């Protein structure tokens with residue numbers, strides 16, 4: 001027997017869960033389909049960096065999208081505090097560190113265009129950087145982005161799941177197999193529940209299946225529009241905590257938690273849907289930890305894991321309507337899923353309720369995938 005909802009969300013990562021929460025808060029009947037525990041894939045494996053400036057490649061629509069979303073985070077953190085779960089929010093800012101003069105020149109160029117764009121960025125000398133972070137290796141200088149922050153994804157996902165359930169979201173265990181439509185308008189989805197297929201009817205369907213989004217039949221995306229990119233990470237513990245800022249250096253990052261854990265990431269590997277942690281990956285991450293923060297070198301690796309980032313063909317997420325009325329796609333966020341969750345949820349709500357979206361969605365249209 002078919003079950004119905006106003007909105008059916010396929011995928012229980014940070015994008016799906018926050019979108020479900022926001023839609024339920026608007027009085028809609030929302031059902032969310034997830035084959036595992038919400039956040040068990042890319043969202044839970046992420047480092048939780050909210051750093052549009054530290055990671056920006058240049059001005060443009062994508063930077064505008066990330067900055068808009070970053071501005072929504074403080075209110076979201078306060079809201080989720082009502083669940084009683086600490087999401088690990090830290091507003092200490094980020095440092096992009098140059099380990100030599102060649103890297104410093106690249107940082108100077110980045111500071112120049114960000115200042116020209118009206119963004120706040122602070123250039124630090126080597127001595128100023130070491131005064132802030134005395135445990136770092138010898139360096140040439142850094143940029144400080146005071147507006148960049150971090151959260152802990154595992155805690156965030158628990159809080160989102162609790163908040164969404166309290167708001168009335170129905171969580172359905174199963175794997176989305178096919179989006180159903182009549183050729184013009186979406187009618188629901190077919191969900192595999194342990195070998196038994198169940199039809200779920202809905203007026204709106206949102207595809208938010210991360211790197212699996214293109215594999216959902218009828219999702220409105222070509223087969224290779226979203227592909228997985230493996231990222232391996234490690235966690236090292238050192239007390240007292242060795243770092244105060246998120247550090248970008250040596251082609252990766254170090255993310256300090258308040259209790260002395262330091263997440264070191266990340267690899268970027270075309271490995272299909274394989275999530276193994278490899279010896280090569282561990283070597284690269286341990287070497288990065290040693291080069292950037294030498295006190296970490298003698299500490300044991302407390303944990304190692306990997307996740308599959310959902311990468312789009314052109315590096316921009318797919319956000320918006322498809323050729324089928326009522327069918328929306330919010331996928332392909334690559335390494336920015338946690339950061340972009342608030343604005344993506346805003347966009348999903350706007351499109352479902354026929355309200356104006358917060359930004360121009362033309363650069364992110366799923367229709368560009370062909």
Of all the residues that make up the stretch 169-188, how many are assigned to a strand (DSSP E or B) and either out of contact with any strand residue (DSSP E or B) (no Cβ under 8 Å at 6 or more places or on another chain) or touching a residue at least 40 places away in the same chain (Cβ under 8 Å) (or both)? 13
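Residue-by-condition table, conditions (1) surrounded by fewer than 17 Cβ atoms within 10 Å (Cβ to Cβ); (2) in the same structural domain as residue 272 (by TED's automatic domain parsing); (3) in contact (Cβ under 8 Å) with a residue 24 or more places away in the chain; (4) farther than 29 Å from residue 77 by Cα:
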{"residue": "297", "(1), (2), (3), (4)": "yes, yes, no, yes"}
{"residue": "321", "(1), (2), (3), (4)": "yes, no, yes, no"}
{"residue": "330", "(1), (2), (3), (4)": "no, no, yes, no"}
{"residue": "333", "(1), (2), (3), (4)": "no, no, yes, no"}
{"residue": "337", "(1), (2), (3), (4)": "no, no, yes, no"}
{"residue": "341", "(1), (2), (3), (4)": "no, no, yes, no"}
Helices (runs of 4 or more DSSP H) completely within the stretch 80-168 that count 2 or more residues being surrounded by 19 or more Cβ atoms within 10 Å (Cβ to Cβ): 101-116, 153-166
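Looking only at the stretch 287-304, which residues are part of a helix (DSSP H, G or I) and farther than 24 Å from residue 228 by Cβ?
Filtering the stretch 287-304 down to residues part of a helix (DSSP H, G or I) leaves 287-292, 294-296.
Result: 287, 289, 290, 291, 292, 294, 295, 296.
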Filter pass, residue 155 being under 23 Å from residue 266 (Cβ atoms) and either in contact (Cβ under 8 Å) with a residue 40 or more places away in the chain or in contact with a helix residue (DSSP H, G or I) (Cβ under 9 Å, 6 or more places away or on another chain) (or both): yes
For the stretch 316-368 the number of residues that are assigned to a loop (DSSP other than H, G, I, E, B) and over 23 Å from residue 183 (Cβ atoms) is 11
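Would you point out which residue out of 218, 252 is outside the structural domain of residue 8 (by TED's automatic domain parsing) and in contact with a strand residue (DSSP E or B) (Cβ under 9 Å, 6 or more places away or on another chain)?
Working: 218 fails: outside the structural domain of residue 8 (by TED's automatic domain parsing).
Just one listed residue meets the conditions, 252.
If you take the residues of the stretch 210-228 that are in a strand (DSSP E or B) and touching a helix residue (DSSP H, G or I) at 6+ places or on another chain (Cβ under 7 Å), which of them is nearest to residue 187 (Cα to Cα)?
Filtering the stretch 210-228 for residues that are in a strand (DSSP E or B) and touching a helix residue (DSSP H, G or I) at 6+ places or on another chain (Cβ under 7 Å), the one nearest to residue 187 (Cα to Cα) comes out as 226.
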So, residue 307, is that one closer than 20 Å to residue 11 by Cα, surrounded by fewer than 24 Cβ atoms within 10 Å (Cβ to Cβ) and touching a strand residue (DSSP E or B) at 6+ places or on another chain (Cβ under 6 Å) or not? no
Looking at the stretch 268-277, can you tell me whether even one residue there is within 20 Å of the chain's Cα centre (by Cα) and not in a loop (DSSP other than H, G, I, E, B)? yes
Can you spot a residue in the stretch 237-246 that is surrounded by 21 or more Cβ atoms within 10 Å (Cβ to Cβ), modelled with pLDDT of 95 or more and under 17 Å from the mean Cα position of the chain (by Cα)? yes
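The values are calculated or read from the model by the stated rules, or taken from the named source; none is laboratory data. From a predicted model like this one, the values you see are computed outputs, not experimental measurements. Note that each Cβ is placed from the backbone with ideal geometry, even for glycine, and that neighbours are counted across all protein chains shown.
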